[in-house]
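The structure appears below as C-alpha cells.
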Amino acid sequence: MSALAALIRRDIKIALRVGGGALIGVLFFLTVTVLMPFAVGPDLALLSRLGPAILWLGALLASLLTLDRLFTADHEDGSLDLIVMSRTPLELACAAKALAHWIAAGLPLIVATPVLGLLLNLDGTATLAVAATLLAGTPALTFTGMIGAALAVTLHRGGLLLAVLVLPLSIPVLIFGVAASQAAISGPLPFGTPFSILCALSLASLVIGPFAAAASLRHGLD
Amino acid sequence: MSALAALIRRDIKIALRVGGGALIGVLFFLTVTVLMPFAVGPDLALLSRLGPAILWLGALLASLLTLDRLFTADHEDGSLDLIVMSRTPLELACAAKALAHWIAAGLPLIVATPVLGLLLNLDGTATLAVAATLLAGTPALTFTGMIGAALAVTLHRGGLLLAVLVLPLSIPVLIFGVAASQAAISGPLPFGTPFSILCALSLASLVIGPFAAAASLRHGLD
Amino acid sequence: MRLSGRNLKCVRGGREVFSGLDLAATEGEALAVTGPNGAGKTSLLRVLAGLLVPADGTIALEGGDAELSLPEQAHYLGHRDALKPALSVAENLSFWREFLGGKTEDAGRCLAAVGLDHAAHLPAAYLSAGQRRRLSIARLLSVRRPVWLLDEPTSALDTAGQALFAALMRDHLASGGLIVAATHLPLGIDARDLRMGGAA
Amino acid sequence: MRLSGRNLKCVRGGREVFSGLDLAATEGEALAVTGPNGAGKTSLLRVLAGLLVPADGTIALEGGDAELSLPEQAHYLGHRDALKPALSVAENLSFWREFLGGKTEDAGRCLAAVGLDHAAHLPAAYLSAGQRRRLSIARLLSVRRPVWLLDEPTSALDTAGQALFAALMRDHLASGGLIVAATHLPLGIDARDLRMGGAA
Amino acid sequence: MSLGPYASFIVTSYALVTAVVLLLIVWIVADYRRQQARLKEIEASGVTRRSGRSAADIR
Amino acid sequence: MKLTETLTDLANPTRFLALTARILPWLAAATAILLAIGLYQSAMAPDDYQQGATVKIMFIHVPNAWLSMFVWSVMSVAALGTLVWRHPLADVAAKAAAPIGAAFTFLALVTGSLWGRPMWGTYWEWDARLTSVLILFLMYLGLMALWRAVEDPSRAARAAAVLTLVGAINIPIIKFSVDWWNTLHQPASVLRMGGSTLDKAFLWPLLVMAIAFSLLFITLHLAAMRNEILRRRVRSLQMMQASRVSFTGEASSGPKEIGAA
Ligand code: HEM
Ligand SMILES: Nc1ncnc2c1ncn2[C@@H]1O[C@H](COP(=O)(O)OP(=O)(O)OP(=O)(O)O)[C@@H](O)[C@H]1O
Ligand SMILES: Nc1ncnc2c1ncn2[C@@H]1O[C@H](COP(=O)(O)OP(=O)(O)OP(=O)(O)O)[C@@H](O)[C@H]1O
Ligand SMILES: [Mg+2]
Ligand SMILES: [Mg+2]
C-alpha cells in the first residue's frame, strides 16, 4: 500500500515540477475551445449545442498529448526495470501511475471546464453536466491511453503510431460522454442511460487498462 | 550544405522508422477525422461546416504530438552537444530539423486531405482550399512549435511558463487557416485576405523560429 | 542461500547471445562475470533479474524467502540510474526506499555512507556521473535485499569511491548476501570468476 | 598547436564548481584530468567544448585553423553516446561523418578499427554498452579533428578495447593531435596530470 | 436475370469483392515467389540451416 | 494423446509447412467449387418483395461481415498463444491474418454502403453497427501498421497480441449493437436465438457463400502463414550471413540457427 502511495506521490510531484504535461494539456484544451467559435462562426445557439462535443474532444486530444511518455520516461531512466522487479504487482503499479497521471493532467481539465463553458456559451446546468461526464469519463481515457503508453515501451515507438492504436479504443467513451451531456442539456433522452454506460466504460477500463499495460510491459522489456 | 542534407535525411529516416512511416500520419489524421462525427453527431451539413476546423485541429495535434521531442531526444542522447559544436551554424541546423519534421509529419497530412474531405462531406473546392491553407500554414505550426521544443531542452525544471507561452503562438495560425478555408467555402469574406495573412505568418515563423530556437539552445545547454 | 542457473540460453533481437550457461553462487559469495564487449554479461544479469525471459534453462534461488521470487529478493544496479532529475537526491532515495519496501535503513545514513549527505537537497539533475552512481549505491543500502545484481558497478566512481564500494560489498557478503557482478575491472573483493566467451 | 585556459571559473546551478584554473597542452600531448567525483572534470571538458560558458577566464587555441573556433576543431566524447537506436551502426556513423564534415575517413575502415564491422547493419539499439562506446570512438576516427576532449573514454570498454583505444590515442598524438581526457583509470598512454580538487 | 433499378450497385459490389479477393490472391502468390527466390539466393551464397536441409524446401 | 501429438506436430514450423503444402491445393479447389455453386445460386435466387434485386448484395455482404469478426477472433486466439505459450507459430498466424481480415472488413463496409444507398437512401450513417465496424477496420489498419513498423518480429508479436486482445471487446459490440441500440441496420436474422427467420430461398445461397468465403479465408490464411514463415527464415539466414562474415576464424561461434523458424 505505502509502495503505491509513494509511486503516486512521486509521479504527481514530477508532473507538477516538470509541468510540460499537465500544463500543455490544459493549454491545448483551451486552444481547442477558443478555436471553435472561429470555425463555426458566431452562431451562439450552435456553439452551445456543440459545446459538450468540443470540450470532450479537447479532453480526449489533451490526454493523448500527455500520455505517451507515461512509461517511456521511466523506461529510459531505468526506473521501469526496478518497478517490474519490485514486490508490488505490476498491474497495481500501472494503475497507480495512471491514477497519478489522471490527478495531474485530467483533474485540471475538469476544473477548467466552467471557465471554458463560459466561452462556449453553456449555461450553468450544461456546464455542470459536462463537468460531471468529464469526471466520470476521463479516467476511461487515461486508462485506455495507458495501454498505448505501455505499447510505446514494447515497440520503442511513439508519436502517431500510438495515437492510431489507441484512438479507436477511446471512441466509445467519447460517444457516450457527449451523448450524456447532450441529454442533460437538450433532452429528449434521459441523462442517466448514457451516463451509466459511461461509468461502466470507465470501470471496465479501470480493470482492463492495468492488465493490458502490465502484460505489455512484462512481455516487452529487454 | 551536405551537412544539412545529412541532418534532414537522418531526421526523416528516424521519423519514418520510429513513427511507423508516413502512412501512419495519414492513418492518424483519418482517425481524428472519424472521431469528429462521433462527437458532434452525424449531421452532415454541420460536419462539412466544421470540416476545415477539424482538419486543422488534426494537423495541430499531429505536429504537437511529434514536435515535443524534436530537440529533447537529441539532447538526451548527446547528439545535440555535437550539433552545437559543429561547423554548421546552429540556426541552419535548427531549420533543417524543423524542415525534416515538416516533411515527415506535415506533408502526409496535406496529401491525405482529399480523402478526408470526402468523409467530412467537403466538396472539391472546399477540399482544395483546405489543402492550400494547410500547405501554407503547417510550416508555421512546425516552426513556432520548434521554439517550444527548444525551450523544453533549456527548462528541464521550473520554467514551464515559457513553454506554455508557445502554444498560443500557434493560435493565430490556426485562426487564419480556418478563416481562409471558411472564406473559400461559404464566403462572404474573400479567401485572399486571411490566406495572405497566413502566408505572412508562415514566412515570419520561418525566420523567427530557427533564430529563437538556436538562441534558446545555445544558452540552455549545460 | 544458493542461486543457480542451469543451461541458460538467451536470444535477443532474434540472435542468440549465449546458450548452455551454468552458474551457481552461494551465501557470502561473489560471482564476477567477465568477458569481452557484447559477450552477454548484461543480458545474463537481466535474465537473472527477471527482466529478460530466457529462451531455455532454469534459474533457482534456494534458501531465500520461499514466498518471493528471485527478482523480488534482488537489487539490480544497471547502466541506467533510475533517478528522476526533477526530484532532489533525498526524494529520489526515499521514493525507492518506500516503493521497494521490505526491511529498510535510514535514508540519511545511507546517503552519508556513500558520501552524498551534503548534496541531499540538490536536484538529481545537478549530480555528476560518479555522484549519480553513488546515489544508486545508496539505494542498495537503503533496502535490504540478499541478492545484488550489479552491472559494471564501479564505472564512473573515483578511486575512493571504488574502495568504499568494495567495503560495502564485503559487508553485504559478510551479512549473508550474495553478489553477481558484471565487470571489466577488478572489483576489489574476492570473487569467483564466470568468464563469458563471445564476440566484439 | 597549443590549447590553453587561464583563470577559468565555472558556475553550475548557482554553485561554483572550480575557479582560477589554468591549463595548457601542446601538440602531441595528452592531459589527463583527474580528481574525485564531483570535482568538475566533466564541467571543465564542457567548458572547453564550448557547451558551458565559463563564468570567468579565457580559452585559446593557438596554431589551429584560424577561421574555426576551438569547438569546431574538437571532438567531444561524453557519457552520452549520440547514437540513434533506430538507425543501424553504419547509418549512425555515416551520419556524423557527413554532418561533422571536414577531412573524413572511410566509415567501413573506422568500424573495422574498433572491431564493429560485423555489426554494421545491426540497429544501434542492439548494441551492448561497450559496443556503443566503440561506435562513439569510431566517430572520432571517421572525421579528423586535432583536439580530442574525452570524458571517461574507457568506461565500459573491455580490456582489449582499452588497449585498442590507447593505441588509437597514441596514433592521434603522433599525428599532431592533442588530447584532454577526464578519467579515473590509467589511460594507457603517457599523459600529463591535471588534478582537480573538490568534493564528494 | 434482371437486376432492377439498382443494377449498378449490385454489379459494383460484386466487382469490388472480386477485385479485392483477386488482389489478395495475387499478393500472396507473389509474396511466396519472392520469399522462395530470396531463400534460393541466400542458399546459393553458401549459408545453410543447421538441419542441413534446404530452407526453401518445404516438403 | 493422439491429439496432443498432432498439435505439437503442427506447432513445428517445418511440419506445418509440409502439411500446408499437402492440403493447400485441395482447399483451393474446394473453395473454387463452393464459390461457383454459391454464385450460381445467388444469381438464381428470387428478388425480395421489399428489396428487389438488391438483396443479391446480401450474399456477399453478410459473409464478409461475418468473416471480418471471425478473423479478429482467430487473431485473438493466436494472441493468447503468443502471450501464454510464446509460440512463434501463433505470432505467424496473427500476423498473416491481419491483412486478410482488413480486406474482408473493407468489403463488408463497401458492400454495406452500396446496399445502404438503395435501402436507406444514404451511403453512410453514423450508427452503432456501422461505426463499430469502421472502428474494427481502423484497428486492423493499426495492427498492420504496427507489424510493419517494428523490425523485431517477436517484439511486434507481443505488442500486437495485447492490442488484439483489447480490441476483441469490439467484436461483441459489433454483434449486439443492433440489439442494444436502435439502429438503421437490421437485426440478426440468420444467427439468432430461436432459429433463422430468413426465407429458404435466400438462406441456402447465403449459407453456401458463407462457407465458401470461410474456406477462402482458411486457404489464404494458410498460404500467408507459409509466406511469413519463409520470410522469417530469410531474416534469420541473413543475420547468420552477417555474423558469418565477421566471425571467420573464430572457433566459438559456428553457424547458429536463430529466429522463429
Ligand atoms: C456500411 C454499412 C454496413 C455495415 C458496416 C454492415 C455490417 C454488418 C455486419 C458486421 C453484419 C454481421 C452481423 C451479425 O453477424 O450479427 C451484417 C449483417 C447483415 N447486414 Fe449489414 N452492414 C452494413 C449495411 C447494411 C445494409 C445497407 C443492409 C441492408 C439493408 C445490411 C443488411 C445486413 C443483413 C441482412 C445482415 C445479416 C444479418 C443476420 O442475418 O445476422 N447491412 N452487416
Ligand atoms: N547540470 C548541472 N547543473 C548544476 N550543477 C551541476 C550540473 N552537473 C554537475 N553539477 C555540479 O557540478 C559539480 C561538478 O560536476 P562534474 O560533472 O563536472 O564532476 P566530475 O568531476 O565530472 O565528476 P565525476 O567524476 O563524478 O564524473 C558537481 O558538484 C555537480 O553537483
Ligand atoms: N536490446 C537488445 N536487442 C537485441 N540485441 C541486443 C540488445 N542488447 C544487446 N544485444 C546484443 O546482445 C549481445 C550481448 O549484449 P550485452 O549487453 O549482454 O553484452 P555485455 O556483455 O554486457 O557487453 P558490454 O561489456 O559491452 O557491456 C550483444 O551482441 C548485443 O548486440
Ligand atoms: Mg554490459
Ligand atoms: Mg564526469
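The values are calculated or read from the model by the stated rules, or taken from the named source; none is laboratory data. Every value quoted in this text rests on a predicted model; they were computed, and no experiment measured them. Cβ coordinates were reconstructed from backbone atoms using ideal geometry, including for glycine residues, and neighbour counts include every protein chain displayed. When the accessible area is computed, the model is the full protein with side chains, heavy atoms only, and any ligands, DNA or RNA have been set aside. Shrake-Rupley method; radii C 1.70, N 1.55, O 1.52, S 1.80 Å.
Here are some notes:
- Links that overshoot a 18 Å alpha carbon limit, given the list B:Lys97/D:Lys84; F:Lys56/F:Lys200; C:Lys41/D:Lys84; A:Lys97/C:Lys84; C:Lys41/C:Lys84; B:Lys13/D:Lys103: C:Lys41/D:Lys84; C:Lys41/C:Lys84; B:Lys13/D:Lys103
- Nearest-ten-degree value, helix A:21-40 long axis tilted from longest Cα axis of chain A: 30 degrees
- Heavy-atom accessible surface of the stretch D:2-195: percent carbon and sulfur, 1.4 Å: 48 percent
- Ordering F:Tyr140, E:Tyr6, D:Tyr126, F:Tyr40 by accessible surface, largest first, gives F:Tyr40, E:Tyr6, D:Tyr126, F:Tyr140; the 1.4 Å probe counts only protein heavy atoms, with every chain in place.
- For the stretch F:82-191, Kirkwood radius (reciprocal of mean inverse C-alpha pair distance, Å): 15.3 Å
- Residue-wise HN-Hα coupling along the stretch F:222-239, computed from phi with Karplus coefficients 6.51, -1.76, 1.60 (Hz; x: Gly, Pro): 4, 5, 5, 5, 4, 4, 5, 4, 4, 4, 5, 4, 4, 4, 6, 5, 5, 5
- Carbon plus sulfur fraction of accessible area for the stretch F:52-235, probe 1.4 Å, in percent: 68 percent
- Accessible surface computed residue by residue for the stretch B:28-174, with neighbouring protein chains in place and a 1.4 Å probe, gives 28 Å² per residue.
- Between helix B:90-101 and chain B: long-axis angle, C-alpha atoms, 0 to 90°, nearest 10: 40 degrees
- Sparsely packed loop sites in the stretch C:49-122 (the trypsin sites (Lys or Arg not before Pro) outside DSSP H, G, I, E and B with at most 11 other Cβ atoms within 10 Å) comprise C:Lys103.
- Point-charge dipole on Cβ atoms (K/R +1, D/E -1) for chain D, about Cα centre, debye to 20: 420 debye
- By the combined test of axial Cα extent (at least 18 Å) and Kyte-Doolittle hydropathy (mean at least -1.0), the qualifying DSSP H helices of chain D come to D:129-142, D:159-174.
- Selected from A:Met85, A:Met146, A:Met36 as most flexible by GNM, with chain A as the system and alpha-carbon contacts under 10 Å: A:Met85
- Buried solvent-accessible surface, both chains (A, F), 1.4 Å probe, Å² to nearest 100: 1800 Å²
- Ordered from largest to smallest accessible area (heavy atoms of protein chains, 1.4 Å probe), the residues A:Leu201, D:Leu127, A:Leu206 come out as A:Leu206, A:Leu201, D:Leu127.
- Kirkwood radius for the stretch A:3-221, taken over all pairs of different Cα atoms as the inverse mean of 1/r, rounds to 17.6 Å.
- Shown for the stretch D:164-187: residues covered by the partner protein chains by 10 Å² or more of accessible area relative to the chain by itself (probe radius 1.4 Å), namely D:His184, D:Leu185.
- Relative contact order [Cα under 8 Å, 6+ residues apart], the stretch A:3-221, whole percent: 27 percent
- The Rg/Rh ratio of the stretch C:2-195, with both radii computed over alpha carbons and Rh defined as the Kirkwood radius, is 0.96.
- 48 Å tail of the calculated P(r), the protein assembly as shown, as % of Cα pairs: 34 percent
- Per-residue mean of foreign Cβ neighbours for E:8-20 is 6 (Cβ atoms of other chains, 10 Å radius).
- Under a Gaussian network description of chain C, with springs only between Cα atoms under 10 Å, the residue in C:Leu150, C:Leu168, C:Leu44 that fluctuates furthest is C:Leu168.
- Peptides B:71-80, A:208-217 ranked from most to least packed, by the mean per-residue count of other Cβ atoms within 10 Å: A:208-217, B:71-80.
- Our summary gives the stretch D:2-195 a relative contact order of 30 percent, counting only alpha carbon pairs under 8 angstrom and 6 or more residues apart.
- Signed unit charges on C-beta, dipole axis of the stretch B:1-147, positive-most listed residue B:Ile14, B:Leu70, B:Ala59: B:Ile14
- Exposure rank, largest accessible area first [B:Ile110, F:Ile57; 1.4 Å]: B:Ile110, F:Ile57
- Value of [θ]222 nm, deg cm²/dmol, for chain A, DSSP H segments ≥ 4, -39500 (n - 2.57) each, nearest 500: -28500 deg cm²/dmol
- Normalised size of the stretch A:162-222, defined as Cα radius of gyration per 2.2 N^0.38 Å with N residues, equals 1.46.
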